[in-house]
Amino acid sequence: MKTLADHYDAHAAALRYYPEWEAGGVFHADPAAAGEPYCIVIPPPNVTGNLHMGHALNNTLQDVLIRYKRMDGYNVLWLPGTDHAGIATQWVVERQLRAQGIERRDLGREKFLECVWEWKDHSGGNIVRQLKRLGVSCDWSRERFTMDEGLSRAVRENFVRLYEEGLIYRATRLINWDPIGLTALSDLEVETEENVQGEIWSFAYPLADGSGEIVVATTRPETMLGDTAVAVHPEDPRYAHLIGRFVQHPFVDRLIPIVGDAILVDMAFGSGAVKVTPAHDFNDHEVGVRHNLPMISIFTNDGKVNENGGIYAGLDRFEARKRVKADLSALGLFRGRQDHVMTLPRSQRSGAVVEPMISTQWFMRMKPLATPAVGAVEHGFTTFWPDQWKNTYFSWLRDVKDWCISRQLWWGHRIPAWHCAACGHVTVGRADPTECSKCGSADLKQDEDVLDTWFSSALWPFSTLGWPEHSADLARWYPTSVLMTGFDIIFFWVARMMFMGLHHMGQVPFKDVYIHGLIRDEHGDKMSKTKGNVVDPVEAIDRVGVDAFRMTLTALAGLGRDILWSEKQVDSWSRFVNKVWNAYRFTHMHVTERPAAEAPPLGLYDRWILARLGTCVRNVREALDGYRFDLAASEIYAFTWYEFCDWYIEFSKSALYGEDGPAKTAARYTLWTVFHALARLIHPIMPFFGEELWRELPGNEHAGTGMIQPYPRAGDFPGDPAVLREVGYLQEAIIAVRRIRSEKNLASKVPLVAVNAGVLTGMYAGQAAALKALANVSVTTGERPAQAAVVVVAGEELWVNLEGVLDTSKERERLEKEIEKLDKSISFLQSRLGNEAFVAKAPPHLLAKSRAELQGEVDKRASLQAALLAL
RNA sequence: UGGCACGUAGCUCAGUGGAAGAGCACCGCCUUGACACGGCGGUGGUCGCCGGUUCAAUCCCGGCCGUGCCAACCA
């Protein structure tokens, strides 16, 4: 007999099996292999990042699917990789250099990039090592990086094609500017800070002809330096006559027109007049465009007032605000202030207050790209899980503005455009040009900017598979099967992959998009460093083992729900590993070799547990197919714990501890068979544990790894309804007896005897051993034996009656109410359908609970109660 | 302001147009030869509120209240 350790050693298993799997090439995908393709391309983590709980969830769930499909015979590829994460990475390195007193600009572009690459090489392997500790079965031979050679080529190809198609263009626009990061930002990289305490500050512009004034209000008084209009509603009786006249700017020599604009101005708000700063406000900018106003920039890139700000030039934005207010007040133009709660746009990365600035940037034309991306989801080529996220996707794409793709950074894909010093023409090409494509001048200078980091991410599902080459991988695995990610990057990433995939490949990049929730702490708060409630997944793995850790994540991953992570949950789900291990040890005590392939004649309980196993397998598959990870986990948990351990193992003991014979053979076969399936069934969720169970299963010494065994099929374990019914009744009988015991305070060693209990003596005589073993109740006929401590009431259908023993009047009331309700339903359905159709169609419990039966039950319970009290 | 979710046992969550479920917590009993990281039994819920549809609603529909998220935001 093989002795197993008291406890499963998750760490030892991980150390042993992962290298074996890698060395054995079982993660490796072959496009020529058989099977329906199944592919996931990993959402690439930041190359210099560390594994956090979000990654842990994201990758555990992907691995569950990947392993399930791989075992199920699909030709599976899980392609891993990392992202260069433009601003984020540059920011980290800049900060490190600054700590050494080195500024990026002093270093120069070349040197700085060397530093970034160094940093990437130094800390870039971390996240991959941590992913491996999770047990993820990626094909590491295909690992990619957004700035590797192939992907850089894809980025360039994409840029050139879109440029040639007129979908990428250069223009001077009002854009979001980060005055600390010194770069343009896309709309998405701007975050709004809520509930900022601010003020609305009012002041007057004197009319140029001295005939009066017009009062405007603003949260940013300093922007008045760039005002080029005052807008009023054209139908406002207070101001309509002023349209076309001018006010005098108090600080700069400028006459400002009063314009009528019904779109911007709300007559009912404030004074009904609005100052217009077209160069530093998006709404005002539109007014400027509509009325052909001058757009005067008043800020430098680092957020100081420029030469257009007259005497304020050189002041920081916020300093200028104070001075402008003071000076306006001094001129007697201040007209009041009130507190105002507002929102503030901040750079996602640097935290700087974003300044809208007029700037020349590269843009991607979105309308022609977005329309097919909307259609693809509308027509079901891609499905969101849960479904409601498609609304988020639609609402953004339907209203999307052109995407500012250039960044004034150094870390990233440099824009493949060359400016001609001679004629100003821009040459864009797949190869670096030597001369201007217009005038032929060789005096070319490459554009200084790099592309938004999401520009390369948008190509990820096909660039990683080899695009723009027509690779075998691309042909085999595009479109991919599912994209798994968080809701926060539906805009940033999902939508962009959709339109780029559709544009270049003519097909959606993935058939399903699974959106998982956020991992929060046990109180439902977001994890954050400042709150100190961040859970480190690596620490959690060290503590409970990777299998238990993954089981917890999987079990908590409900569709469309955030996860509240707590040690309690982890401990609770971890215990499952121990429970299974002990059942496994029990099996090893009784089963030392692989049973004959042909099943021996099986007993009632053997057939029962195998039927339940079949149901479990079906439910697990259904759950996984519908991305219900939580249900898959709890299905396995419930079957194993409550049916296999609590019932089957107890049932099987009398055979296993009894004499050799068919019953023992059958029980051994059954134990082995359950674990043979269970080892595979749990594998996707708990791969190391599953592998250990598989390898240590008697007779599996040469069976190879469990991770490529066929996933169990429900059809392998057919069920017989009669068997399920019989065992169901038996369980009820046992439960009822136990309950009496507990209520009457009878120790389990006190033997009970059931006399003339029809159900037990007749139908279930064959299960007497189980009744004795599990409830210590013997079944007999005839007189009440004197030696029995208590005689359980005899009669028909004892299993029901026993339950009735504990009836209270409350229970009786409930039953009577139910009778009333059912009575009505039954008579209605009978009169409408006719009795025969009713019997054929009505749900079983309606039939069973006909009035007479229920009434009989109520009566019976009452009399039983009386009988019992009399004992 | 708009959109989307959510509201089921003390807590975290499943669930269904036809007899309310799990885990944790709690209360008893039990160290029985896989497991005390265990076993057995139990307490606990007008399934947010109000209407409607239906023979029947926790489930479908409408309204309301509460919570969360996303998006737009008024100078």
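The values are calculated or read from the model by the stated rules, or taken from the named source; none is laboratory data. All values reported here derive from a predicted model rather than from experimental measurement. We place every Cβ from the backbone using ideal geometry, glycine too, and count neighbours over all the protein chains shown. The accessibility values were calculated without ligands, DNA or RNA, using every heavy atom of the protein model including side chains. Shrake-Rupley method; radii C 1.70, N 1.55, O 1.52, S 1.80 Å.
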Task: In the stretch A:531-551, the residues that are more than 22 Å from the chain's Cα centre (by Cα) and in a loop (DSSP other than H, G, I, E, B) - done: A:531, A:532, A:545
- [ ] Output the residue which, of all residues in the stretch A:215-224 that are in a strand (DSSP E or B) and open to solvent by 30 Å² or more (accessible area, probe 1.4 Å), is farthest from RNA strand B (Cβ to nearest atom).
- [x] A:215
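Take residue A:201 and tell me if it is in contact with a helix residue (DSSP H, G or I) (Cβ under 6 Å, 6 or more places away or on another chain), open to solvent by less than 50 Å² (accessible area, probe 1.4 Å) and in contact (Cβ under 8 Å) with a residue 24 or more places away in the chain. Before the answer, list the steps.
Numbers: in contact with a helix residue (DSSP H, G or I) (Cβ under 6 Å, 6 or more places away or on another chain): yes; open to solvent by less than 50 Å² (accessible area, probe 1.4 Å): yes; in contact (Cβ under 8 Å) with a residue 24 or more places away in the chain: yes.
Taking the combined requirement at face value, the residue satisfies it.
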- [ ] Provide a single number: the residues in the stretch A:738-794 that are at pLDDT 55 or above, in contact with a strand residue (DSSP E or B) (Cβ under 6 Å, 6 or more places away or on another chain) and small (Gly, Ala, Ser).
- [x] 3
Task: Within the stretch A:712-745, considering residues that are of a type in the set (Gly, Ala, Ser) and within 15 Å of RNA strand B (Cβ to nearest atom), the one surrounded by the most Cβ atoms within 10 Å (Cβ to Cβ) - done: A:733
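Kindly indicate whether residue A:77 is touching a Pro at 6+ places or on another chain (Cβ under 8 Å), modelled with pLDDT under 95 and of a type in the set (A, V, I, L, M).
Working: touching a Pro at 6+ places or on another chain (Cβ under 8 Å): yes; modelled with pLDDT under 95: no; of a type in the set (A, V, I, L, M): yes.
Taking the combined requirement at face value, the residue does not satisfy it.
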Open item on the list: Every residue in the stretch A:604-641 that is free of Cβ contacts under 8 Å to residues at least 40 places away in the same chain and of a type in the set (D, E, K, R), please.
Closed with: A:622, A:625, A:635
Open item on the list: Please go through the stretch A:331-358 and give me each residue that is farther than 26 Å from residue A:216 by Cβ and open to solvent by less than 50 Å² (accessible area, probe 1.4 Å), ordered by number.
Closed with: A:347, A:350, A:351, A:352
Open item on the list: Looking at residue A:248 and the list (1) among the polar types (S, T, N, Q); (2) more than 16 Å from RNA strand B (Cβ to nearest atom); (3) open to solvent by less than 40 Å² (accessible area, probe 1.4 Å), which single condition is not satisfied?
Closed with: (3)
Open item on the list: Being free of Cβ contacts under 8 Å to residues at least 24 places away in the same chain and open to solvent by 40 Å² or more (accessible area, probe 1.4 Å) is the filter here; which residues of the stretch A:393-415 pass it?
Closed with: A:395, A:399
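Among the residues of the stretch A:191-214, what is the count of those that are closer than 17 Å to residue A:232 by Cα and more than 10 Å from RNA strand B (Cβ to nearest atom)?
Step one: filter the stretch A:191-214 for residues closer than 17 Å to residue A:232 by Cα, giving A:202-208, A:212-214.
Within this subset, residues satisfying the condition of being more than 10 Å from RNA strand B (Cβ to nearest atom) are A:203-208, A:212-214.
Within the stretch A:191-214, residues that are closer than 17 Å to residue A:232 by Cα and more than 10 Å from RNA strand B (Cβ to nearest atom) number 9.
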Open item on the list: Condition first: more than 15 Å from RNA strand B (Cβ to nearest atom) and open to solvent by 40 Å² or more (accessible area, probe 1.4 Å). Now tell me which residues in the stretch A:581-611 satisfy that.
Closed with: A:593, A:594, A:596, A:597, A:598, A:599, A:601, A:602, A:607
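Among A:466, A:517, which is the only one that is out of contact with any Pro (no Cβ under 8 Å at 6 or more places or on another chain), open to solvent by less than 30 Å² (accessible area, probe 1.4 Å) and closer than 30 Å to residue A:636 by Cβ? Spell out how you get there, then give the answer.
Values: A:466 fails: closer than 30 Å to residue A:636 by Cβ.
Exactly one of A:466, A:517 is out of contact with any Pro (no Cβ under 8 Å at 6 or more places or on another chain), open to solvent by less than 30 Å² (accessible area, probe 1.4 Å) and closer than 30 Å to residue A:636 by Cβ, namely A:517.
Among the residues of the stretch A:487-501, what is the count of those that are open to solvent by 10 Å² or more (accessible area, probe 1.4 Å) and either over 10 Å from the mean Cα position of the chain (by Cα) or among the small types (Gly, Ala, Ser) (or both)?
Step one: filter the stretch A:487-501 for residues open to solvent by 10 Å² or more (accessible area, probe 1.4 Å), giving A:487-489, A:491-492.
With the extra rule that they be either over 10 Å from the mean Cα position of the chain (by Cα) or among the small types (Gly, Ala, Ser) (or both), the set shrinks to A:489, A:491-492.
Count: 3.
Within the stretch A:642-649, is there a residue that is open to solvent by less than 50 Å² (accessible area, probe 1.4 Å), within 14 Å of RNA strand B (Cβ to nearest atom), closer than 22 Å to residue A:772 by Cβ and free of Cβ contacts under 8 Å to residues at least 60 places away in the same chain?
Residues of the stretch A:642-649 that are open to solvent by less than 50 Å² (accessible area, probe 1.4 Å), as a first pass: A:643-645, A:647-649.
Filter again for within 14 Å of RNA strand B (Cβ to nearest atom), leaving A:643-645, A:647-649.
Within this subset, residues satisfying the condition of being closer than 22 Å to residue A:772 by Cβ are A:643-645, A:647-649.
Now restrict to residues that are free of Cβ contacts under 8 Å to residues at least 60 places away in the same chain: A:643, A:648.
Taking every residue of the stretch A:642-649 in turn, at least one turns out to be open to solvent by less than 50 Å² (accessible area, probe 1.4 Å), within 14 Å of RNA strand B (Cβ to nearest atom), closer than 22 Å to residue A:772 by Cβ and free of Cβ contacts under 8 Å to residues at least 60 places away in the same chain.
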Task: Boolean, residue A:5 is within 16 Å of RNA strand B (Cβ to nearest atom) and not in a loop (DSSP other than H, G, I, E, B) - done: no
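Residue check: is residue A:660 in a loop (DSSP other than H, G, I, E, B), open to solvent by 40 Å² or more (accessible area, probe 1.4 Å) and free of Cβ contacts under 8 Å to residues at least 12 places away in the same chain? Show your work before the answer.
Working: in a loop (DSSP other than H, G, I, E, B): yes; open to solvent by 40 Å² or more (accessible area, probe 1.4 Å): yes; free of Cβ contacts under 8 Å to residues at least 12 places away in the same chain: yes.
Yes, satisfied.
Residue-by-condition table, conditions (1) within 30 Å of residue A:533 (Cβ to Cβ); (2) open to solvent by less than 20 Å² (accessible area, probe 1.4 Å):
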position: A:64; (1), (2): yes, yes
position: A:67; (1), (2): no, yes
position: A:72; (1), (2): no, no
position: A:77; (1), (2): no, yes
position: A:105; (1), (2): no, no
position: A:123; (1), (2): yes, yes
- [ ] Would you be able to tell me the number of residues in the stretch A:171-189 that are open to solvent by 30 Å² or more (accessible area, probe 1.4 Å) and within 27 Å of residue A:98 (Cα to Cα)?
- [x] 2
Task: Filter pass, residue A:227 being under 24 Å from residue A:344 (Cα atoms), among the acidic types (Asp, Glu) and out of contact with any Gly (no Cβ under 6 Å at 6 or more places or on another chain) - done: yes
TODO: Would you check if residue A:513 is within 16 Å of RNA strand B (Cβ to nearest atom) and part of a strand (DSSP E or B)?
DONE: yes
Open item on the list: Of everything in the stretch A:552-574, what is more than 9 Å from RNA strand B (Cβ to nearest atom) and more than 16 Å from the chain's Cα centre (by Cα)? Give them in sequence order.
Closed with: A:567, A:570
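Being open to solvent by 50 Å² or more (accessible area, probe 1.4 Å) and under 30 Å from residue A:518 (Cβ atoms): is that true of residue A:129 here?
Values: open to solvent by 50 Å² or more (accessible area, probe 1.4 Å): yes; under 30 Å from residue A:518 (Cβ atoms): yes.
For residue A:129, the condition - open to solvent by 50 Å² or more (accessible area, probe 1.4 Å) and under 30 Å from residue A:518 (Cβ atoms) - is met.
Where residues in the stretch A:289-317 are within 16 Å of RNA strand B (Cβ to nearest atom) and within 43 Å of the chain's Cα centre (by Cα), which of them is least open to solvent (accessible area, probe 1.4 Å)?
Taking the stretch A:289-317 first, the residues within 16 Å of RNA strand B (Cβ to nearest atom) are A:289-291, A:293, A:298, A:317.
Remaining after also requiring within 43 Å of the chain's Cα centre (by Cα): A:289, A:317.
Details: A:289: 94, A:317: 16 Å².
By that ranking, first place goes to A:317.
Would you check if there is a residue in the stretch A:273-287 being outside any strand (DSSP E or B) and of a type in the set (Gly, Ala, Ser)?
Yes, because at least one residue in the stretch A:273-287 is outside any strand (DSSP E or B) and of a type in the set (Gly, Ala, Ser).
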